[in-house]
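I have placed the structure first, in the form of structure tokens, so that the comments after it can refer back to it.
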Amino acid sequence: MFKNKYPGKFITIEGIDGSGATTQALKLKEYLADKNIPFWLTQEPTDGVIGSIIKSHLSGTAKITDHLGLQLLFAADRASHLDQEITPRLQKGEVVISDRYFLSSVAYGSLNVSDENWLYQINDQFLLPDLTILLKVPAKVGIERISETRLSFSMFEQEEKLKKVWDNYEKISKRYPNIIVIDGSKPEDDIFENIKIAIEKII
């Protein structure tokens with residue numbers, strides 16, 4: 001992966017389903033807006049053509065049976081995301097916040113792709129975030145949160161699978177720099193206070 005050479009800062013928020021990553025991304029958006037810091041909030045999978053195919057698969061409305069093909073779709077969506085959205089914003093000096101990025105691809109993809117090195121390789125040419133916030137939440141808590149807010153679960157939102165996904169996240173977090181693990185089981189505002197401390201060191 002290559003380091004950010006642009007004037008803007010690239011921040012990603014990661015975690016298992018139900019970790020509160022989307023909630024904290026929205027809080028960060030409000031925080032930056034209050035400080036009049038130019039920002040852009042985005043997510044992966046994207047709402048583009050490729051991202052929409054991935055979302056259909058994850059929601060169960062479509063089925064991609066080739067696990068390698070699915071991971072290549074994630075990589076293609078990410079390449080387009082960087083080219084069309086993230087990099088132009090960073091070039092303008094904005095803070096770009098992405099709700100999920102490549103860590104999710106590897107953490108979830110490793111459940112079905114045995115060649116972990118291949119997963120790393122197809123992401124190696126992408127931009128390394130200036131900061132990744134990894135929210136640590138027990139799988140059981142994630143499932144409980146999901147059940148409170150959603151009518152149905154996606155294919156990955158099952159407790160045993162989420163335990164394995166978190167184990168993958170922990171392993172990946174030791175491989176790359178700029179990753180901070182934050183306890184995501186605390187109240188929302190307490191979590192964000194810890195995120196603010198990390199954010200204020202780079203912006």
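The values are calculated or read from the model by the stated rules, or taken from the named source; none is laboratory data. Please read these numbers as outputs of a predicted model, since none were measured by experiment. Cβ: placed from backbone, ideal geometry, glycine included. Neighbour counts: every protein chain shown.
Quick one: which of 98, 56, 52 is within 21 Å of residue 124 (Cα to Cα) and among the polar types (S, T, N, Q)?
Working: 56 fails: within 21 Å of residue 124 (Cα to Cα); 52 fails: within 21 Å of residue 124 (Cα to Cα).
On inspection, the qualifying residue turns out to be 98.
Among the listed residues 181, 96, 137, 106, which satisfies the condition of being surrounded by 15 or more Cβ atoms within 10 Å (Cβ to Cβ) and closer than 13 Å to residue 18 by Cβ?
On the way: 181 fails: closer than 13 Å to residue 18 by Cβ; 96 fails: closer than 13 Å to residue 18 by Cβ; 106 fails: closer than 13 Å to residue 18 by Cβ.
Only one candidate passes the filter, namely 137.
Could you name every one of the helices (runs of 4 or more DSSP H) located completely within the range 114-203 that has at least 3 residues being in contact (Cβ under 8 Å) with a residue 24 or more places away in the chain and out of contact with any Gly (no Cβ under 8 Å at 6 or more places or on another chain)?
Hits in the range 114-203: 159-173, 188-199.
Answer yes if at least one residue in the range 43-53 is assigned to a helix (DSSP H, G or I) and either of a type in the set (Phe, Trp, Tyr) or surrounded by fewer than 16 Cβ atoms within 10 Å (Cβ to Cβ) (or both), and no otherwise.
Checking the range 43-53: at least one residue is assigned to a helix (DSSP H, G or I) and either of a type in the set (Phe, Trp, Tyr) or surrounded by fewer than 16 Cβ atoms within 10 Å (Cβ to Cβ) (or both).
I'm checking my understanding of the structure. Among residues of the range 17-42 that are part of a loop (DSSP other than H, G, I, E, B) and touching a strand residue (DSSP E or B) at 6+ places or on another chain (Cβ under 8 Å), which one is surrounded by the most Cβ atoms within 10 Å (Cβ to Cβ)?
Taking the range 17-42 first, the residues part of a loop (DSSP other than H, G, I, E, B) are 17-20, 35-38.
Next, only the ones that are touching a strand residue (DSSP E or B) at 6+ places or on another chain (Cβ under 8 Å) stay: 19-20, 37-38.
Values: 19: 27, 20: 22, 37: 14, 38: 13.
The extreme case among them is 19.
Among the numbered criteria (1) over 15 Å from the mean Cα position of the chain (by Cα); (2) modelled with pLDDT under 95, which one does residue 17 miss?
Among (1) over 15 Å from the mean Cα position of the chain (by Cα); (2) modelled with pLDDT under 95, the lone unmet condition for residue 17 is (1).
Which members of the range 102-119 meet the condition of being under 15 Å from residue 170 (Cα atoms) and among the hydroxyl-bearing types (Ser, Thr, Tyr)?
Within the range 102-119, 104, 105, 108, 110 qualify.
Go through (1) modelled with pLDDT of 95 or more; (2) surrounded by 21 or more Cβ atoms within 10 Å (Cβ to Cβ); (3) over 20 Å from residue 82 (Cα atoms) for residue 119 and report which single condition fails.
Condition not satisfied by residue 119: (3).
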